[in-house]
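Chemist: First, the structure itself, so that you have it in front of you.
The values are calculated or read from the model by the stated rules, or taken from the named source; none is laboratory data. Predicted model only: the values in this text are computed from it and were never measured. Note that each Cβ is placed from the backbone with ideal geometry, even for glycine, and that neighbours are counted across all protein chains shown. Just the protein is used for accessible areas: all its heavy atoms, side chains included, with ligands, DNA and RNA removed. Shrake-Rupley method; radii C 1.70, N 1.55, O 1.52, S 1.80 Å.
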Amino acid sequence: MSFLGGHAIKDLRTSRPPSVSNCMLEVLNQHLEASIAGGGGGGHDPVNLGKGYDRIPGRGFGGISGPQTCTWTYYDPWGKPYFSMEGACP
């Protein structure tokens with residue numbers, strides 16, 4: 001069985017870890033394609049990024065600054081959604 005941040009990868013499909021570090025989001029996105037949506041609070045522009053690799057959470061995108069939260073949806077090699085996590089917007 002494979003683990004990520006102390007959680008079995010197969011369990012990420014049904015339950016989310018209580019907190020996700022920016023490092024975990026970034027490393028996952030180096031290996032799995034992800035789409036990102038969210039943000040838009042506090043007068044900031046919302047984020048809506050299609051599938052892609054090598055995004056860095058917490059760096060600011062589209063006018064976002066500060067701790068905005070986005071949903072990172074990761075995809076299997078065939079392009080089907082694998083699991084989603086909440087974390088910092090890129």
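Chemist: Please work out if Thr14 is at pLDDT below 90, open to solvent by 60 Å² or more (accessible area, probe 1.4 Å) and out of contact with any Gly (no Cβ under 7 Å at 6 or more places or on another chain). Lay out the reasoning, then the answer.
Modeler: Details: at pLDDT below 90: yes; open to solvent by 60 Å² or more (accessible area, probe 1.4 Å): yes; out of contact with any Gly (no Cβ under 7 Å at 6 or more places or on another chain): yes.
Yes, satisfied.
Chemist: Also, quick follow-up: Would you please name the residue that is modelled with the lowest pLDDT, looking only at residues in region 31-53 that are surrounded by 10 or more Cβ atoms within 10 Å (Cβ to Cβ) and over 15 Å from Cys89 (Cβ atoms)?
Modeler: Leu32
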